[in-house]
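Written out below as structure tokens is the structure these notes cover.
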């Protein structure tokens, strides 16, 4: 074998080995295109498409720190199992809500959940309380689940109290004609009444003309066979919004039990760009005494709420209220109550 033959044989061997290695080489798969989150503007700001679906999702909420003051303030928060006798109370809250929406042949399909996470060392059930604030399904005007009723609507500011229990497991339907709305709801009153199978019925009519809106709301408690009616009007007046409301009840019931009747008013106006001032007043006649209303007992409250926008997403509110109420037919009391609040919205 000469040198030429040896070189040719070596070259052929190298080519064969290289060809075999090339045949066995692993080729990396190309990455799939990344699907970025898309903004969904069909239902307002803040929504985005859930990747791979046509459902839009919005996440929002707030963080709150609040210090409240008034006689036995620690015991004023219902349902928290509060213990103590302090005239002031501090607590913190984290609130988060998830809203999903999509278009269907039957209208907009909505799913909503919101939860509260409260931290308060005065609670006898621990230093925190987790609460389902709302959880419901809505298709067009039909709504079912756990949510705030129409009785939860109040006036601007912090002076008024225009409802008793305002959150139920309910089925409701609201016809929305733009400037005219009408609705009916059936509420489960368990937990709000002494009987386990309580049922309540609500009906509302609302109208808006120009800068004036009006609500007429009624509620009937089938367990005690008593009801209440509430009217609320709101009007753009001068540099602010004037609101007034009145309630009458046949006797104490789930929807209204504080007094036979009450009237309230407030006026919210923007003093400067970041400051809103809302004075308000409310009067209660024939306060509840046991299971009935007492014509000899009344109460009134007057105060002011100050809202100041510290910066984008961070707001503060100060509420100061003067209260005068009859405890019995021969004794009464007057006191100052309110709170200071700091809240970060997102």
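Any read-out appearing in this document is the output of simple, stated calculations on the displayed coordinates, not a laboratory observation. As the structure is a prediction and not an experimental result, all values here were calculated from the model. Neighbour counts run over all protein chains shown; Cβ positions are idealised from the backbone, glycine included.
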If I take R0 = 45 Å and measure r between the Cβ atoms of residue 311 and residue 291 in this structure, what FRET efficiency does the formula 1/(1 + (r/R0)^6) give, to the nearest 0.05?
0.35
Which order do peptides 292-304, 175-187 fall in by mean Cβ count within 10 Å, highest first?
292-304, 175-187
Segment residue 269-residue 169, length gained on full extension (0.36 nm per residue, minus Cα span):
32.4 nm
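For residue 88 and residue 53, what is the calculated FRET efficiency with R₀ set at 45 Å and r taken between the beta-carbons, to the nearest 0.05? Numbers along the way, then the final one.
Details: r = 48 Å, r/R0 = 1.07.
E(calc), rounded to 0.05, equals 0.40.
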State, to one decimal in nm, how far the label point of residue 332 lies from the label point of residue 39, with both points 7 Å from Cα in the Cβ direction.
5.7 nm
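Normalising by the residue count of the range 205-346, find the relative contact order in percent from Cα pairs under 8 Å and 6+ residues apart.
On the way: 351 pairs, mean separation 18.8, N = 142.
Worked out over the range 205-346, it gives 13 percent.
Could you please rank 205, 272, placing first whichever residue has the fewest other Cβ atoms within 10 Å of its Cβ?
Working: 205 14, 272 8.
Starting with the residue having the fewest Cβ neighbours, the order is 272, 205.
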Point-to-point label distance, residue 128-residue 340, nm (Cα→Cβ direction, 7 Å offset):
2.6 nm
